[in-house]
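Visitor: Below is a structure I'd like to ask you about.
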Amino acid sequence: MPGSDDILMDHQPSGACWITINRPAKHNALARPLLDALAQGVHAAAARPQTRLIVLMGAGERYFAAGGDLRDLAAVRDEAATLEMARQARQALDALRLCPVPVLAYLNGDAIGGGAELALACDLRLQAAHARIGFIQARLAITSAWGGGTDLCRLVGSARALRMMARSEMIDAGQALAWGLADAVIADGPGGADLQAFLRPMLACPPQVLRGIKAQAQSWRQGAAYDAARATEQQQLLQTWLHDDHWRASEQVLSKGKQ
């Protein structure tokens, strides 16, 4: 585990790795050392062959992450420092975007500014019923900084993305679900039936199958050409079709058919 008390990791027997941003007193603000530790944690979790998926959440119930840590960023005053800050943070979020296993954001509370960018760097978003998500960077007279604007346009389309960013809208769970910004609304917390029901089918997949599915999704996200995306699909098919898990599953289905 990376050397930061601000990042907690819980490897569960199911193959889920829960990563918690643990700065509730600071609204889980994203200081640069925290982002570095988060990236290290994601890399470490993905390196475990038994890891099926990662769930990222914030500590407490008020904030998933309240954006960049303004005290940490106060010294970023010139072009070189701004570009370096953006590069460093974008690289940390790329650890989630490029992670070989699915990464799910559980929005236990509001995801704001850089916190919204962090949420969109994940593959899926499970939003607590009371949580909101907002690209409110314009309130600080800036635009998105860490690749989140690109993610937002791809996810909801350029018009809705422009509306969200230009109006600094805070999108509630129902609207987020309708727009495809969220993939599920969770009414009963991280240990409740809603989230467990969402995760259960994924955790039933063998690890190599989830990695193969993530590889295809990642190929699309990176804008791979049609033939390149099909080549990725074929490669993942070979790795999963020839695996013993496939033949065991096939035998189980055939055995049921004979009964």
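The values are calculated or read from the model by the stated rules, or taken from the named source; none is laboratory data. Since we're looking at a predicted model, the values are computed, not measured. Cβ sites come from the backbone with ideal geometry, for glycine too, and all protein chains shown count toward neighbours. SASA here: full protein model, heavy atoms, side chains in, ligands and nucleic acids out. Shrake-Rupley method; radii C 1.70, N 1.55, O 1.52, S 1.80 Å.
Visitor: Determine Rg/Rh for the range 202-259; Rg is computed over alpha-carbon atoms and Rh is the Kirkwood hydrodynamic estimate from the same atoms. Intermediate results must be reported in sequence, preceding the final value.
Guide: Numbers: Rg = 14.1 Å, Rh = 12.7 Å.
With Rh from the inverse mean 1/r over Cα pairs, Rg/Rh is 1.11.
Visitor: Take the range 1-92, compute every pairwise Cα distance, and split them into 5 Å bins from 0; I just need the percent in each bin.
Guide: Result, from short to long distances: 3, 14, 22, 21, 18, 12, 6, 3, 1, 0 percent.
Visitor: Hey, if you put +1 on the Cβ of every Lys and Arg and -1 on every Asp and Glu Cβ in the chain, which of Ala138, Leu254, Gln40 ends up farthest toward the positive end of that dipole?
Guide: Toward the positive end, the furthest listed residue is Leu254.
Visitor: Spin-label point model (7 Å from Cα, Cβ direction): what's the Leu162 to Gln12 distance in nm?
Guide: Label at Leu162, label at Gln12, 4.1 nm between them.
Visitor: Something else: In the chain, what percentage of the DSSP-assigned beta bridges are antiparallel, given to the nearest 5?
Guide: Roughly 25 percent of the DSSP beta bridges within the chain come out antiparallel.
Visitor: Right, another one. Compute the long axis of helix 79-97 from its Cα atoms, compare it with the longest principal axis of the Cα atoms of the chain, and write down the angle in degrees, 0 to 90, nearest 10.
Guide: 20 degrees
Visitor: Which semi-axis lengths, in whole Å and largest first, follow from the square roots of five times the eigenvalues of the Cα gyration tensor of the range 128-259? Working shown, then result.
Guide: On the way: eigenvalues 276, 99, 22 Å².
Listed largest to smallest, the semi-axes of the range 128-259 are 37, 22, 11 Å.
Visitor: Something else now. Extent of the range 65-158 along each principal axis, from alpha carbon coordinates, in Å, largest to smallest?
Guide: 38, 30, 26
Visitor: Report the semi-axes of the equivalent ellipsoid for the chain in whole Å, largest first, where each axis is √(5λ) for an eigenvalue λ of the Cα gyration tensor.
Guide: Working through the eigenvalues yields semi-axes of 33, 20, 19 Å.
Visitor: Quote the relative contact order of the chain in percent (integer), defining contacts as alpha-carbon pairs under 8 Å separated by 6+ residues.
Guide: After rounding, I find 16 percent.
Visitor: Can you compute the label reach from Ser255? Point 7 Å from Cα along the Cβ direction, backbone N cut-off under 18 Å, restricted to the range 172-209.
Guide: 206
Visitor: Using only alpha carbon positions, build the gyration tensor of the range 1-45, then give the equivalent ellipsoid semi-axes as the square roots of 5 times its eigenvalues, largest first, whole angstrom.
Guide: Ellipsoid semi-axes (Å, largest first): 19, 12, 7.
Visitor: Same structure, new question: Within the chain, what whole-number % of the accessible surface is contributed by carbon and sulfur, with the 1.4 Å probe and all protein chains included in the calculation?
Guide: 55 percent
Visitor: Continuing with the same structure: Springs between alpha-carbon pairs under 10 angstrom, Gaussian network model over the chain: which of Ala166, Ala128, Ala89 fluctuates most?
Guide: Ala166
Visitor: Rounded to the nearest 500, what is the chain's calculated 222 nm mean residue ellipticity when only DSSP H runs of at least 4 contribute -39500 (n - 2.57) each, over all residues?
Guide: Dividing the helical sum by the residues of the chain leaves -15000 deg cm²/dmol.
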